[in-house]
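Report on the following structure.
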Amino acid sequence: MTRLSAITPSGSVQLGNYLGAIRQWAAEGTDEDVYFISDLHAMTTSHNPSRLRALTREQLAVLVATGVDPRSVSVQSDLVRELGALTWVLECTCTYGEAARMIQFKEKSKGRSSVRLSLLTYPVLMAADILLQGAREVPVGDDQRQHVELARALARRFNGTYGEVFAMPKAVVPPTAARVRDLADPTRKMAKSAKDSAGTVFVLDSPDLVRRKVRRAVTDDLGVVRYAPEEQPGVANLLEVLAACARKAPEEVAESVKGYAELKEVTAEAVVEELRPVRERTRELLDDPAELDRVRRHGAERSRERSRHRLDAALRVSGLG
Ligand code: ATP
Ligand code: MG
């Protein structure tokens with residue numbers, strides 16, 4: 001059962017991406033799955049070309065360094081021609097009303113004087129990502145559920161109008177993983193594109209920087225170490241991170257720690273040790289362009305092979321070629 005997930009090169013990989021997604025892809029993924037760097041999606045808001053290229057490379061390196069099967073890894077834009085073609089056909093299947101209804105579009109465009117058209121149409125590109133590869137399962141959080149629903153609606157409509165071409169995807173709940181919160185503001189989730197990165201631990205941060213960020217994490221003045229996400233979000237976040245690194249439950253790790261100072265020390269060391277091999281391997285990969293280039297080329301070939309017949313059929317039945 002092909003699963004498909006992506007990470008957008010909108011910033012450096014942060015701890016939440018790693019614990020919540022990439023580490024799972026490495027542990028549970030198979031070479032049938034599709035894990036890709038969605039660089040096309042990163043262009044829906046103002047972007048810097050050389051930074052986009054560098055972040056794409058960095059994210060590819062982190063995936064491989066974490067142990068995601070390199071045969072399942074690819075870069076979205078390596079299929080830009082195929083995706084562009086299918087996106088057009090799907091835009092001709094989608095209505096303006098459907099696109100404009102997307103909550104994420106409303107949120108991301110709110111209050112902006114200039115919005116790229118691609119911000120409106122990007123869920124159709126996401127549908128193309130999913131349908132082109134024949135993905136059956138798309139693990140997504142609540143914010144992306146509506147987009148997978150759109151992909152289903154478009155697949156159903158296209159198949160019904162022109163003939164059975166696309167497999168029906170479905171959104172699945174991602175395997176229970178840590179939802180890492182911002183260390184400086186535990187009411188927000190950690191995000192790589194956050195404006196202020198004081199509370200964001202990046203996978204490539206030096207051990208000292210990781211320690212400093214964890215030591216400065218916001219807690220509370222209750223002074224008790226227990227797992228109570230509602231009343232003590234900061235402490236609960238540290239416990240969740242520690243638990244994810246120790247591969248235990250947050251309640252369990254809470255029992256072994258005395259005060260906040262100790263909690264921060266232990267968590268900082270656990271994060272440093274968890275990230276150390278990934279950081280070191282990522283650096284090696286970034287210093288060895290040939291290996292990353294090879295992974296990238298193979299990933300592109302594989303995705304292209306897997307999807308060629310579907311794209312050809314979609315163009316043919318809709319009256320093209
Ligand atoms: P952005 O700020 O650009 O949205 P992001 O850090 O939210 O960046 P995404 O590219 O949106 O990252 O998501 C990549 C993957 O990482 C997704 O599977 C997403 O669910 C997961 N993820 C993102 N942030 C966290 C987090 N704080 N905790 C756990 N998982 C996360
Ligand atoms: Mg996000």
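Worth pointing out:
- From A191, A243, A236, residue being within 16 Å of ligand 1 (Cβ to nearest atom) and touching a Lys or Arg at 6+ places or on another chain (Cβ under 9 Å): A236
- Scanning the stretch 1-53 for residues that are hydrophobic (A, V, I, L, M, F, W, C) and either away from ligand 1 (no atom under 12 Å from the Cβ) or open to solvent by 30 Å² or more (accessible area, probe 1.4 Å) (or both) turns up M1, A6, A26, A27, V34, L40, M43, L52.
- Note on the stretch 127-140: residues that are open to solvent by 30 Å² or more (accessible area, probe 1.4 Å) and within 16 Å of ligand 2 (Cβ to nearest atom) amount to 0.
- Taking first residues from the stretch 13-31 that are within 14 Å of M190 (Cβ to Cβ) and modelled with pLDDT of 95 or more and partners that are open to solvent by 20 Å² or more (accessible area, probe 1.4 Å) and within 14 Å of ligand 2 (Cβ to nearest atom), the Cβ contacts under 6 Å between residues at least 6 apart in sequence or on separate chains come to Q14/K192.
- Scan of the stretch 197-221 for residues that are of a type in the set (F, W, Y) and open to solvent by 50 Å² or more (accessible area, probe 1.4 Å), ordered by number: none
- Subset of the stretch 127-148 (residues that are among the polar types (S, T, N, Q) and either without any contact (Cβ under 8 Å) to a residue 12 or more places away in the chain or within 13 Å of ligand 1 (Cβ to nearest atom) (or both)): Q144
- R281 being assigned to a helix (DSSP H, G or I), open to solvent by 70 Å² or more (accessible area, probe 1.4 Å) and away from ligand 2 (no atom under 16 Å from the Cβ): yes
- S72 vs. criteria closer than 28 Å to D205 by Cβ and either touching a His at 6+ places or on another chain (Cβ under 7 Å) or open to solvent by 30 Å² or more (accessible area, probe 1.4 Å) (or both): no
- Test for L239: is it at pLDDT 95 or above and out of contact with any Phe, Trp or Tyr (no Cβ under 6 Å at 6 or more places or on another chain): no
- Residue check for V214: more than 13 Å from ligand 1 (Cβ to nearest atom) and touching a residue at least 40 places away in the same chain (Cβ under 8 Å): yes
- Number of positions in the stretch 222-274 that are surrounded by fewer than 19 Cβ atoms within 10 Å (Cβ to Cβ) and outside any helix (DSSP H, G or I): 15
- Lone unmet requirement of (1) near ligand 1 (Cβ under 8 Å from one of its atoms); (2) touching a Leu at 6+ places or on another chain (Cβ under 9 Å) for A155: (1)
- Number of positions in the stretch 178-201 that are of a type in the set (G, A, S) and over 15 Å from the mean Cα position of the chain (by Cα): 4
- Answer residue from the stretch 149-196, given it is within 16 Å of ligand 2 (Cβ to nearest atom) and free of Cβ contacts under 8 Å to residues at least 12 places away in the same chain and is surrounded by the fewest Cβ atoms within 10 Å (Cβ to Cβ) among those: K195
- Positions within the stretch 106-159 being outside any helix (DSSP H, G or I), under 24 Å from D31 (Cβ atoms) and either modelled with pLDDT of 95 or more or of a type in the set (V, I, T) (or both), in sequence order: Q133, G134, A135, R136, E137, V138, V140
The values are calculated or read from the model by the stated rules, or taken from the named source; none is laboratory data. Predicted model only: the values in this text are computed from it and were never measured. Cβ: placed from backbone, ideal geometry, glycine included. Neighbour counts: every protein chain shown. Just the protein is used for accessible areas: all its heavy atoms, side chains included, with ligands, DNA and RNA removed. Shrake-Rupley method; radii C 1.70, N 1.55, O 1.52, S 1.80 Å.
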